[in-house]
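The values are calculated or read from the model by the stated rules, or taken from the named source; none is laboratory data. What you see is a predicted model, and the numbers here were worked out from it, not measured in a lab. Note that we place each Cβ from the backbone using ideal geometry, even for glycine, and neighbour counts take in every protein chain shown. Quick note on the areas: whole protein, heavy atoms, side chains included, nothing else; ligands and nucleic acids left out. Shrake-Rupley method; radii C 1.70, N 1.55, O 1.52, S 1.80 Å.
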Amino acid sequence: EAINPLYQAVNLVPGEPVFRNELAESLSAAAVSIWTDGEKDQAVKVKNEAVANFKIVSNQSKHNLTFMRTQAQMEFIMREIDPSLTGESLEIAQKTIDLSPTDPRGYYLLGRMYEELGEKTKAQELYRKTVELKPDYEEAKKLLFAM
């Protein structure tokens, strides 16, 4: 239900990346849901549309860290549909760190991704850096000390 108004917003103001980013995020969630329901071909189509919209957003706002983190998270979630998204999502998350090395959110995001991939040592390093930059980052501390 949320997707149709987002299509309308994107059609009304195609140059506004906020609407398109929200559309891409919603399409990503829909793709995963459709995949889980067993409709593989439809899920791939929706995933492709989500990725295409993320590409447009990244061209419209090349250095917007919020958009980049959203793209990295959602592409990582869609990796079951398309395993090639794993590497791309990790690269995008790393780019947020490269662009803003003092922002703990990039380290936390990349740490969560590596933890989910089973790479605990990398995840721990990233959580340590997150807590170093923001000592009261409670979720990162919980994950770090739980490992």
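The set of residues in the stretch 127-140 that are part of a helix (DSSP H, G or I) and crowded, with 16+ Cβ neighbours inside 10 Å comprises TYR127, LYS129, THR130, VAL131, LEU133, ALA140. One residue alone among GLN71, GLN94, GLN124 is open to solvent by less than 30 Å² (accessible area, probe 1.4 Å) and assigned to a helix (DSSP H, G or I), and that residue is GLN71.
Which residues, counting only those in the stretch 29-52, are assigned to a loop (DSSP other than H, G, I, E, B) and surrounded by 13 or more Cβ atoms within 10 Å (Cβ to Cβ)?
Our first condition is that a residue be assigned to a loop (DSSP other than H, G, I, E, B); within the stretch 29-52, this holds for 37-39.
Result: GLU39, single match.
Listed conditions (1) in contact (Cβ under 8 Å) with a residue 24 or more places away in the chain; (2) not in a loop (DSSP other than H, G, I, E, B) are all met by ASP82, apart from (2).
Open to solvent by less than 80 Å² (accessible area, probe 1.4 Å), without any contact (Cβ under 8 Å) to a residue 40 or more places away in the chain, among the hydrophobic types (A, V, I, L, M, F, W, C) and more than 19 Å from MET78 (Cα to Cα) - does that describe any residue in the stretch 107-121? Within the stretch 107-121 (the criterion being open to solvent by less than 80 Å² (accessible area, probe 1.4 Å), without any contact (Cβ under 8 Å) to a residue 40 or more places away in the chain, among the hydrophobic types (A, V, I, L, M, F, W, C) and more than 19 Å from MET78 (Cα to Cα)), the answer is no, since none of the residues qualifies. Being under 21 Å from ARG20 (Cβ atoms) and in contact (Cβ under 8 Å) with a residue 40 or more places away in the chain is true of LEU65. Candidates in the stretch 1-28 are the residues that are among the hydrophobic types (A, V, I, L, M, F, W, C) and over 21 Å from ASN64 (Cα atoms); of these, the one that is least open to solvent (accessible area, probe 1.4 Å) is ILE3. Taking (1) under 28 Å from VAL18 (Cα atoms); (2) out of contact with any Gly (no Cβ under 6 Å at 6 or more places or on another chain) in turn, GLU119 satisfies each apart from (1).
Being modelled with pLDDT under 95, surrounded by fewer than 16 Cβ atoms within 10 Å (Cβ to Cβ) and under 23 Å from SER100 (Cα atoms): is that true of LYS55 here?
Numbers: modelled with pLDDT under 95: no; surrounded by fewer than 16 Cβ atoms within 10 Å (Cβ to Cβ): yes; under 23 Å from SER100 (Cα atoms): yes.
No, not satisfied.
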